[in-house]
Amino acid sequence: MRTILGAIPLLSGEILLDGISIQKMSPRQRAQSIAWVPQAQDGIFAFSVLDMVLMGLAPAMGAFAVPGKREQVIATEQLDKMGISHLAARRWNTLSGGERQLALIARALVQQPRLLLLDEPASSLDFGHQIQLLDTLTQLKSGGMTMLMSTHHPLHANAIADSVIRIETDGHVSQGLPTEQLTTDKLATLYRVSADQIHHHLSAIKH
């Protein structure tokens, strides 16, 4: 993901977005096309939640533009989609980890990106918000948005992914359909537990 964002150099080949090499994009073009949702960190900023989400519009507005009513409506709509519009006036440094995570996702979505990158987006969320997140990502996927998400939870990948990249502890990488990559035997090897344990706890995963 960091290579896509331009933080780590590409060792070989190229990465294409809609047939265009991202290495040939300017930083502004990349920011307008790709949105990044990091894992929520401890809040040290005193900005309001609405202000933090509005920052997601900076690539489209320009560095010195001031958000107006239209931008505030767009940001509020995304907060509402994430179920946290009631937090719009709250200070960032007063939020829980789960609340910050949902706000970071809302900030990414206001960009209307062509590619959405998510680094373990459900790691700080309770079960209800995890379901809400998966439903939101499924809707975005149905609307044509491309997403790349890292997760340690196979059920999350099984719920929304068209293709799964599985990274073994020895660094071996394999890619394929969820039904091919998320079998009980492969998950048992990956997580170093028995296939019976996997099947018992994740009954939705097929043999």
Restricting attention to segment 15-41, report how many residues are charged (D, E, K, R) and either in contact with a Gly (Cβ under 8 Å, 6 or more places away or on another chain) or modelled with pLDDT of 90 or more (or both).
1
Among the candidates Glu180, Glu120, single out the residue that is charged (D, E, K, R) and on the phi > 0 side of the Ramachandran plot.
Glu120
Residue by residue through segment 16-27, note down the ones that are loosely packed, with under 13 Cβ neighbours inside 10 Å and closer than 30 Å to Ser124 by Cβ.
Pro27
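Restrict the check to segment 131-142 and report whether at least one residue is charged (D, E, K, R), without any contact (Cβ under 8 Å) to a residue 12 or more places away in the chain and not assigned by TED's automatic domain parsing to the domain that holds Gln29. Working first, answer last.
Going through segment 131-142, the residues charged (D, E, K, R) turn out to be 135, 141.
Imposing the further condition that a residue be without any contact (Cβ under 8 Å) to a residue 12 or more places away in the chain reduces the set to 135.
Still in the list and also not assigned by TED's automatic domain parsing to the domain that holds Gln29: none.
No, the conditions are met nowhere in segment 131-142.
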Could you go through segment 35-55 and let me know if any residue there is without any contact (Cβ under 8 Å) to a residue 12 or more places away in the chain, under 19 Å from Pro113 (Cβ atoms) and either buried (at least 17 other Cβ atoms within 10 Å of the Cβ) or among the charged types (D, E, K, R) (or both).
no
Can you name the residue in segment 1-34 that is touching a residue at least 40 places away in the same chain (Cβ under 8 Å) and assigned to a loop (DSSP other than H, G, I, E, B) and, of all such residues, is nearest to the chain's Cα centre (by Cα)?
Met1
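Mind listing just one residue for me: the one in segment 65-83 that is among the β-branched types (Val, Ile, Thr) and more than 22 Å from the chain's Cα centre (by Cα) and, of those, surrounded by the most Cβ atoms within 10 Å (Cβ to Cβ)? Steps first, answer last, please.
Step one: filter segment 65-83 for residues among the β-branched types (Val, Ile, Thr), giving 66, 73-74, 76.
Cutting the leftovers down to more than 22 Å from the chain's Cα centre (by Cα) gives us 66, 73.
Working: Val66: 7, Val73: 9.
Only one residue fits best here, namely Val73.
The values are calculated or read from the model by the stated rules, or taken from the named source; none is laboratory data. All values reported here derive from a predicted model rather than from experimental measurement. Glycine gets a Cβ as well: all are built from the backbone with ideal geometry, and neighbour counts include every protein chain shown.
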